[in-house]
Amino acid sequence: MTVTDCVEMGIEEAAQRALDVAWDGADAVWLSFDVDCLDAAFVPGTGWPEPGGFLPREVLKFIQIIADAARSPGSRSSSAPRRTTTPRSRR
């Protein structure tokens, strides 16, 4: 999905579609975030500027939806305790 796709369908729908695709046939899902998806006005030092990228509030909403889905009863969430390096990250 492009930024335009996500904005046109709504962040909520885009997040749900991303979750559906990520979990399809998977036992675990890892979320990675790259600031390059933000509009270049908000991350001027990024290596790959994205004119017309996401607004910070859109990304925060998207991540909140993903986080809420991981915390909801019956959700399929996972951590990688062997890869954590500090006691804080193991919580």
Is one or more of the residues making up the stretch 43-51 surrounded by 11 or more Cβ atoms within 10 Å (Cβ to Cβ), of a type in the set (S, T, N, Q) and either at pLDDT below 90 or assigned to a loop (DSSP other than H, G, I, E, B) (or both)?
yes
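Can you give me the number of residues within the stretch 16-36 that are assigned to a helix (DSSP H, G or I) and in contact with a Phe, Trp or Tyr (Cβ under 7 Å, 6 or more places away or on another chain)?
First pass over the stretch 16-36, keeping only residues assigned to a helix (DSSP H, G or I): 16-23, 35-36.
Next, only the ones that are in contact with a Phe, Trp or Tyr (Cβ under 7 Å, 6 or more places away or on another chain) stay: 36.
Summing the residues that are assigned to a helix (DSSP H, G or I) and in contact with a Phe, Trp or Tyr (Cβ under 7 Å, 6 or more places away or on another chain) in the stretch 16-36 gives 1.
Can you tell me which residues in the stretch 8-28 are among the aliphatic types (A, V, I, L, M) and surrounded by 13 or more Cβ atoms within 10 Å (Cβ to Cβ)?
The initial filter retains those residues of the stretch 8-28 that are among the aliphatic types (A, V, I, L, M), namely 9, 11, 14-15, 18-19, 21-22, 26, 28.
Hits for the stretch 8-28 are Met9, Ile11, Ala14, Ala15, Ala18, Leu19, Ala22.
The values are calculated or read from the model by the stated rules, or taken from the named source; none is laboratory data. If you're wondering where the values come from, they're calculated on a predicted model, not measured in any experiment. Glycine also receives a Cβ, built like all others from the backbone with ideal geometry; neighbour counts cover every protein chain displayed.
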